[in-house]
1. If B:Leu101 passes every condition in (1) within 13 Å of B:Thr39 (Cα to Cα); (2) more than 16 Å from DNA strand C (Cβ to nearest atom) but one, which one does it miss?
2. Looking at the range A:43-73, which of its residues are in contact (Cβ under 8 Å) with a residue 40 or more places away in the chain and open to solvent by less than 50 Å² (accessible area, probe 1.4 Å)?
3. Could you go through the range A:11-26 and let me know if any residue there is at the interface with chain B (Cβ under 7 Å from one of its Cβ atoms), without any contact (Cβ under 8 Å) to a residue 24 or more places away in the chain and open to solvent by 50 Å² or more (accessible area, probe 1.4 Å).
4. Name the residue that is nearest to DNA strand D (Cβ to nearest atom), counting only residues in the range A:120-130 that are surrounded by fewer than 20 Cβ atoms within 10 Å (Cβ to Cβ) and at the interface with chain B (Cβ under 8 Å from one of its Cβ atoms).
5. State which residue is surrounded by the fewest Cβ atoms within 10 Å (Cβ to Cβ) when the search covers only the range B:79-112 and only residues that are of a type in the set (Gly, Ala, Ser) and facing another protein chain (nearest Cβ under 7 Å).
6. How many residues are under 21 Å from A:Lys129 (Cβ atoms) and either among the hydrophobic types (A, V, I, L, M, F, W, C) or more than 8 Å from chain A (Cβ to nearest Cβ) (or both) when one looks only at the range B:43-78?
Number of protein chains: 2
Amino acid sequence: MPVTTKEREKVAAVFSGACTQKKVCPVKDIMASYGDKWTMYTVLLLGQHQKMRFNELRCHISGISQRMLTVTLRSLEEDGIVLRTLYPEIPPRVEYQLTELGESLLKPLLQLAIWAEENVGEVLKARKKYGKKNKEE
Amino acid sequence: MPVTTKEREKVAAVFSGACTQKKVCPVKDIMASYGDKWTMYTVLLLGQHQKMRFNELRCHISGISQRMLTVTLRSLEEDGIVLRTLYPEIPPRVEYQLTELGESLLKPLLQLAIWAEENVGEVLKARKKYGKKNKEE
DNA sequence: TTTACTTGGTTACTTTTAGTAACCGAAGGT
DNA sequence: ACCTTCGGTTACTAAAAGTAACCAAGTAAA
């Protein structure tokens, strides 16, 4: 179904309230921060499991390196999305969980994840077609 | 308000349908593709204006370079999110608009944009607090 | 006693990606 | 003859991501 006029007005409202001639646009700022390879995925995982340890997360996010997981979690912690709890044991135990702010982010993120799951086929089909088109030229 | 059990189950469902032991996880794949500094913002802009020319987009996305706009638009075109129409005039005129697939992406992205606008204050507050905490140590 | 192993990182280095600035083509205007 | 326009491309540099080795400090086995 097509995008309604009402929805388009909503986009306009968000943009005008957020961006018009201001130096910092929150939408762009947030998109730039959470738009990277691992951040959203990490938040979704924490949303599913509630409390996760460092290596538990690492196992679930296949392909992520120790360093990138650290960097990603630190950034989320800095933004108040994730709470880090260190238990001073040996070997150390660290638990990560979403804050209230993080949980509020979970909802729109879940919508995006659902879109991704539903439309990944279409996207892959389009990519294939595009590749073919360019080879033919 | 907290995340409901139902919502958490939904996250689990999306993940289990998408990721369990599969080589490619669509959620991660899409998040990795559209998770960059400019892509989501560009889609939102095209969602608002419907048809936009290259330089028109460039003016609205302050800070983006010509090259990055080209790269971003090409990637979106490849994924079937954006339609590029070249009018063979001199000087050339190129119009970009969302495809049907792109418009379907607009809805979850808008939810995310609304979250960003509503919560940017909280995030900035958290960042400030985090910075202070680390200076004190 | 020495060795290996644990967790949750950090450090140094390499590779990939993003960003900057200059250039392009082809017509129109001065 | 030269500048402008639009929508790029090319060559180069800076920044970010990825890789691999290392660490502390205790526990467990050899």
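1. (1)
2. A:Val43, A:Leu44, A:Leu46, A:Gly47, A:Met52, A:Phe54
3. For the range A:11-26, residues at the interface with chain B (Cβ under 7 Å from one of its Cβ atoms), without any contact (Cβ under 8 Å) to a residue 24 or more places away in the chain and open to solvent by 50 Å² or more (accessible area, probe 1.4 Å): absent.
4. Across the range A:120-130, the extreme among qualifying residues is A:Tyr130.
5. B:Ser104
6. The initial filter retains those residues of the range B:43-78 that are under 21 Å from A:Lys129 (Cβ atoms), namely B:43, B:46, B:70-78.
Those still in the list that are either among the hydrophobic types (A, V, I, L, M, F, W, C) or more than 8 Å from chain A (Cβ to nearest Cβ) (or both) too: B:43, B:46, B:70-76.
The qualifying residues number 9.
The values are calculated or read from the model by the stated rules, or taken from the named source; none is laboratory data. Please read these numbers as outputs of a predicted model, since none were measured by experiment. Note that each Cβ is placed from the backbone with ideal geometry, even for glycine, and that neighbours are counted across all protein chains shown. Note: accessible area is taken over every heavy atom of the protein model, side chains too, but ligands, DNA and RNA are not part of it. Shrake-Rupley method; radii C 1.70, N 1.55, O 1.52, S 1.80 Å.
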